[in-house]
Amino acid sequence: MPCRKSAGLGLLLTIAGCGPESQSDWECQGDWYVVWDRGAAGWSPKLFTGMLSIPSSTGDGTSAIWFEQTATSPWTGSINRTWAGGLAGVLSGKTHHAHLMGTCQDGQLYGYLDLVDEGGESAVGQTPVFGQRAWEQQANADPADGDIAPRWMLTSMLHEAQVSQSAGFVYTEDGRQVVSAGAGLTKKVNVASVSKAIGSLAVPFLLSEGRLDSLDQPLGPIVGWPVDDPRYQITMAHVLSHTTGLHTPEYPEWIKGVRHRHRTDVLGADLEVKPGIRFEYSNRSIELASVVVTKLSGVSLEEYLSERLFKPLQIDVNWFTGNDDHTRIHAGLRISAQDLAKLGNVLANDGSWNGAQIVPAGWLSHALESAGGDLPGEFRNSWRVNTASSSLRHTGDSGALLLIDLRHSVVAARTYDDQMWMVSDHKQLRSTLGIRRAVESRW
């Protein structure tokens, strides 16, 4: 009969025997796909998915955990084998320490994770973590250097796609399609906030055509704000980094009140702080980019990009247009996973596709180079930038993702038909953790 021992934090460890096993057969050692159920603490999004690496049972190797949704470097530290054969340790990130305890049995990991700040205060309490053994060791990952290697990204994203039932998932390396999965690969679906990154590609065209002088040009004269208006000095750099200083209401309140008149709404928004001082992710202020495109070109954002981007690449899209004939840039682009990945590869190749320069060169490199400058926040040119890994990404509340990792020449695109479904009980969650060996065997 198995022996049950309490390991603290209310967690029961179930093991084959009451004594410790040999170091060589510790079941927790190795790489794991993990799902962190943050919903137990009332956090949203409810599920975070990623990879956990435990190279040693004695804590003398660097263990790491990385969650695909955070777009930051891994939390690293030591995870040790407990006397009962389970695991316990602390992994440190930029602002919090992850306290992890659990047990491993039959290729499954069960445990609890708590985030603790520098002052020792718990941020989430005891929240469940479940894992399944990765079929292959991710030997080219080096989390100690803060680097996320391609196969860590792939395995984590495959896991996320499986758990949350994505419509389509495409992963490429050096422009070569490595994995494509999902019944909706060619189906156009709403990619929500990923629309921001795609819609903002109009800006390098405006610059190259001389319609916009620079990212630092005041937008007041373009959109009709007088010189004595404090909003006059807002620039496109502010818009694309979410630092305009414009008042940003809560999304449900805002989207209900706008009534599909986004141009009128953003042009009437009040300024709360001086532009460039405060980062605040804003679905409202990004609409200025769409307004500027129309003012400078005389056509809608959708029409402007259609002629310059979508038609040359033979990409079919639909874009939500409001009652004021304004292309809604903050969300509303409908595109397939295959075509989203194609756009990602064009950008990864500095705007080139099949020998033709489609997007003006230098857009992503400029985003990376300008990160950490005078403007606060992690967004540049409407991309969330990670300079440590030379990667850029944008996600959407629909579960959509476009990731471009320039260091490893990796592009990942993911789409969903609906909102990511929320798991109501842990048994159901655990039953979804399997990853098809056939996909992994392609490595």
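The values are calculated or read from the model by the stated rules, or taken from the named source; none is laboratory data. Since the model is a prediction, treat every value here as computed from it, not as a measurement. Glycine gets a Cβ as well: all are built from the backbone with ideal geometry, and neighbour counts include every protein chain shown.
Evaluated against (1) at pLDDT 95 or above; (2) crowded, with 17+ Cβ neighbours inside 10 Å; (3) more than 18 Å from the chain's Cα centre (by Cα), Ala361 falls short on exactly one condition, (2). The helices (runs of 4 or more DSSP H) found wholly in segment 250-300 and carrying at least 1 residues that are surrounded by 21 or more Cβ atoms within 10 Å (Cβ to Cβ) occupy 262-267, 287-297. Residue check: Glu378 meets all listed conditions (1) at pLDDT below 85; (2) crowded, with 17+ Cβ neighbours inside 10 Å; (3) under 18 Å from Phe48 (Cβ atoms) but one, namely (1).
State all residues of segment 299-329 that are farther than 19 Å from Arg211 by Cβ, hydrophobic (A, V, I, L, M, F, W, C) and touching a Gly at 6+ places or on another chain (Cβ under 8 Å); if no residue qualifies, say none. If the condition is that a residue be farther than 19 Å from Arg211 by Cβ, hydrophobic (A, V, I, L, M, F, W, C) and touching a Gly at 6+ places or on another chain (Cβ under 8 Å), then Trp319, Phe320 are the ones that fit.
When segment 165-180 is examined, which residues are found to be surrounded by fewer than 20 Cβ atoms within 10 Å (Cβ to Cβ) and either among the small types (Gly, Ala, Ser) or part of a loop (DSSP other than H, G, I, E, B) (or both)? Break it down into steps so the answer makes sense when it comes.
So in segment 165-180, the residues surrounded by fewer than 20 Cβ atoms within 10 Å (Cβ to Cβ) come out as 165, 173-180.
Scanning segment 165-180 gives Gln165, Asp174, Gly175, Ser180.
Note on segment 28-58: among residues that are touching a Phe, Trp or Tyr at 6+ places or on another chain (Cβ under 7 Å) and either closer than 13 Å to Gly89 by Cα or not assigned by TED's automatic domain parsing to the domain that holds Ala84 (or both), the one that is surrounded by the fewest Cβ atoms within 10 Å (Cβ to Cβ) is Ser57. The set of residues in segment 71-110 being among the aliphatic types (A, V, I, L, M) and surrounded by 18 or more Cβ atoms within 10 Å (Cβ to Cβ) consists of Ala71, Ile79, Ala84, Leu87, Ala88, Leu91, Ala98, Leu100, Met101, Leu109. Scanning segment 189-231 for residues that are under 28 Å from the mean Cα position of the chain (by Cα) and at positive phi gives a single hit, Ala192.
When residues in segment 237-249 are screened for being on the phi > 0 side of the Ramachandran plot and either more than 23 Å from the chain's Cα centre (by Cα) or loosely packed, with under 14 Cβ neighbours inside 10 Å (or both), 1 of them pass.
If you go through segment 189-204 one residue at a time, do you hit one that is part of a helix (DSSP H, G or I), under 28 Å from Asn345 (Cβ atoms) and among the hydroxyl-bearing types (Ser, Thr, Tyr)? So far as segment 189-204 goes, yes, one or more of its residues are part of a helix (DSSP H, G or I), under 28 Å from Asn345 (Cβ atoms) and among the hydroxyl-bearing types (Ser, Thr, Tyr).
Can you name the residue in segment 218-231 that is assigned to a helix (DSSP H, G or I) and among the aliphatic types (A, V, I, L, M) and, of all such residues, is surrounded by the fewest Cβ atoms within 10 Å (Cβ to Cβ)? Looking at the filtered set, the residue picked out is Ile222. Just one of the listed residues (Gly362, Gly351, Gly332) is among the small types (Gly, Ala, Ser), touching a residue at least 12 places away in the same chain (Cβ under 8 Å) and more than 25 Å from Gly210 (Cα to Cα), and it is Gly332. Take the conditions (1) aliphatic (A, V, I, L, M); (2) crowded, with 17+ Cβ neighbours inside 10 Å; (3) outside the structural domain of Ser382 (by TED's automatic domain parsing); Ala183 misses just one of them, which is (2). Counting the residues of segment 22-56 that are of a type outside the set (Asp, Glu) and assigned to a strand (DSSP E or B) gives 14. Only a single item in (1) out of contact with any Leu (no Cβ under 6 Å at 6 or more places or on another chain); (2) at pLDDT 90 or above is not met by Met422, and it is number (2).
Does segment 347-354 include one or more residues that are modelled with pLDDT of 75 or more and part of a helix (DSSP H, G or I)? Walk me through it before giving the result.
Just the residues of segment 347-354 that are modelled with pLDDT of 75 or more, to begin with: 347-354.
Adding the requirement that they be part of a helix (DSSP H, G or I) leaves 347-348.
Yes, there is a match, as at least one residue in segment 347-354 is modelled with pLDDT of 75 or more and part of a helix (DSSP H, G or I).
Filtering Ile234, Ile198 for residues that are hydrophobic (A, V, I, L, M, F, W, C), closer than 30 Å to Gly168 by Cβ and buried (at least 17 other Cβ atoms within 10 Å of the Cβ) leaves a single hit, Ile198.
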